[in-house]
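Only one structure is covered here, and it is reproduced in the block below.
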Amino acid sequence: MPDAIVLANPGGRIVLATRLAEDLFGYRRNELNGRLVEELMPARFRTSHLGLRSGYAAQPRKRAMGAGIELFGLRKDGSEFPVEISLSPFRSGQGSLVLTAIRDVTLRKQTEQALQKLSDENAILLQEMQHRIANSLQVIASILSLKSGAAQSEETRASLRDAHQRVLAVAAVQKHLLKAGGGDVIPVAPYMTELCANLASSMIGDKRPLTLSVRANGNETGSKHAVSLGLIVTELVINAVKYAFPAQDRGGHIVVSYEATGADWKLEVTDDGVGYARHAPAPRPGGGLGTNLVKALAQQLGAQVTVTSSPVGTCVSIAPKSALSPPEFSPQRPIEAGFPSAARPDSSSPPTLYRQ
Ligand SMILES: Nc1ncnc2c1ncn2[C@@H]1O[C@H](COP(=O)(O)OP(=O)(O)O)[C@@H](O)[C@H]1O
Ligand SMILES: [Mg+2]
């Protein structure tokens, strides 16, 4: 629809209004002529408009009116409607005039409001769904925990406890998503810290002299990436607690570290335990569920898993394939990431590399 046009003289009197302008404001033919332009706007705008009008007369140029504020037109019957107005100077036989182009934006505003309402409703729905998912995951975790407590065999108990930890890793992401209030952003450091606190309290408890620490830089990541990282950390920490320290009274350290710069990242879980080879029974060929889960999750992330293990500990490193140096390994390299050297038992055996 074309704009309605009103021409006014420097005194603000209308000298010409198009048919469209008359219809828009509910006036009869020629009824607008001689009226003040302020009659076409709600009373609350009039006083300030008088000042603005003389300002425009002093410096006339083409521009929008009332930039940044919502403008309204006033119909003859007293009803209001939202408008967009642009002003331009107009030279005529009657001297300099101001040409005002008025656009009725009722439909656009209604559409904008409807879209905003829809988007607000969607945000509420999403928040509600996230609440439900978080609650459901907590319920599942509790059931697994109860079942694990009631299990007769140690093997079943351990499987249920591991499953409980996996669900908790996903539940923690959901909790952080809720906190983020709509955006898909998980702060890595708080997430890893919470995850490892859960793992430590359930897997280590206060009977074993093991420490589990987290080093993570403050990057944020998406929930999909966070779920994969969380599940990988869960598997690796469970493994370290289960296998790296067979003597229950032996002290040890497990360190989870996550570093990210730009799109590059590296996750490492390191322990100063007995290493793969020393563990009895010997690791199954092809690895157990944990190994395969970690491999699959890393693949989803486009990352590669590198296991370095020796009798002084194990380090599992996961990083995007492109970020890794060539797949060579120096057997001389001692495994020490994350540990003070005093905490490492002496050993002369070289570490073994498992590329998974
Ligand atoms: N941190 C570790 N220290 C020593 N041995 C480990 C460690 N992590 C894994 N292992 C060995 O690797 C094997 C495979 O682990 P995994 O694939 O998680 O299967 P599962 O935990 O079901 O045995 C374990 O049984 C264990 O022998
Ligand atoms: Mg395992």
Label points 7 Å out from Cα along the Cβ direction at Thr47 and Ser153: separation in nm? 8.7
Which far-off residues, 5 or more places away or on another chain, put their amide H under 5 Å from the one on Thr211, with H placed in the peptide plane? Gly252, His253, Ile254
Amide H neighbours of Val105 at under 5 Å, excluding residues fewer than 5 places away on the same chain, with H built from the backbone geometry, are Val83, Glu84
Only Cα pairs within less than 10 Å get springs; with that Gaussian network setup on the chain, which residue of Gln127, Gln113, Gln165 has the largest fluctuation? Gln113
Sequence order, the range 246-254: Karplus ³J(HN,Hα) from phi using 6.51 cos²θ - 1.76 cosθ + 1.60, θ = phi - 60°, Hz rounded, Gly and Pro as x, gives x, 7, 4, 9, 7, x, x, 10, 10
Go through Gln127, Ala151, Ala114 and say which Cα lies farthest out towards the positive end of the charge dipole of the range 114-155; charges sit on Cβ, +1 for Lys and Arg, -1 for Asp and Glu. Ala114
Work out the charge dipole of the chain with +1 on the Cβ of Lys and Arg and -1 on the Cβ of Asp and Glu about the Cα centre, then indicate which of Val188, Met203, Val305 is farthest towards its positive end. Val188
From the helices alone, meaning DSSP H stretches of at least four residues, give me the mean residue ellipticity at 222 nm for the chain, per-run term -39500 (n - 2.57), in deg cm²/dmol to the nearest 500. -13000 deg cm²/dmol
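Taking the Cα centre of the range 118-222 as origin, work out the dipole magnitude from +1 charges on Lys and Arg Cβ and -1 charges on Asp and Glu Cβ, in debye rounded to 20. Mind dumping the intermediate values first?
Details: 10 positive and 10 negative charges, 95 e Å.
So the dipole magnitude of the range 118-222 works out to roughly 460 debye.
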Nearest-ten-degree value, helix 154-180 long axis tilted from longest Cα axis of the chain: 20
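Mind giving me the FRET efficiency for Thr211 and Asn122? R0 is 56 Å, r the Cβ-Cβ distance, nearest 0.05 is fine. Let's see the in-between values first.
Working: r = 45 Å, r/R0 = 0.80.
The calculated FRET efficiency here is 0.80.
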For Asn30 paired with Arg91, estimate the spin-label separation in nm (one decimal), with each label point 7 Å from Cα along the Cα-to-Cβ line. 3.0
Which one, Gly12, Gly93, Gly205, has the greatest fluctuation when you compute a Gaussian network model over the chain with C-alpha springs under 10 angstrom? Gly93
Loop-located GluC sites (Glu not before Pro) in the range 53-126 whose Cβ has at most 10 other Cβ within 10 Å (DSSP): Glu70
Once the other residues with Cβ under 13 Å from the Cβ of His131 are scored (Lys, Arg +1; Asp, Glu -1), what is the net sum? +2
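About the Cα centre of the chain, what is the dipole size in debye to 20, counting +1 per Lys and Arg Cβ and -1 per Asp and Glu Cβ, all else neutral? Mind dumping the intermediate values first?
Numbers: 39 positive and 32 negative charges, 164 e Å.
The calculated dipole for the chain is roughly 780 debye.
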Enumerate by residue number the trypsin sites (Lys or Arg not before Pro) in the range 114-181 meeting two conditions: DSSP loop (anything except H, G, I, E, B), and at most 10 other Cβ atoms within 10 Å of the site's Cβ. none
Most mobile of Ala123, Ala172, Ala247 per a Gaussian network model of the chain (Cα springs, under 10 Å)? Ala247
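Where a number appears in this text, it was derived from the coordinates with a stated rule and is not lab data. Computed from a prediction, not measured in an experiment: that's the story for all the values here. No Cβ is skipped: glycine too gets one built from the backbone with ideal geometry, and neighbour counts run over all protein chains shown.
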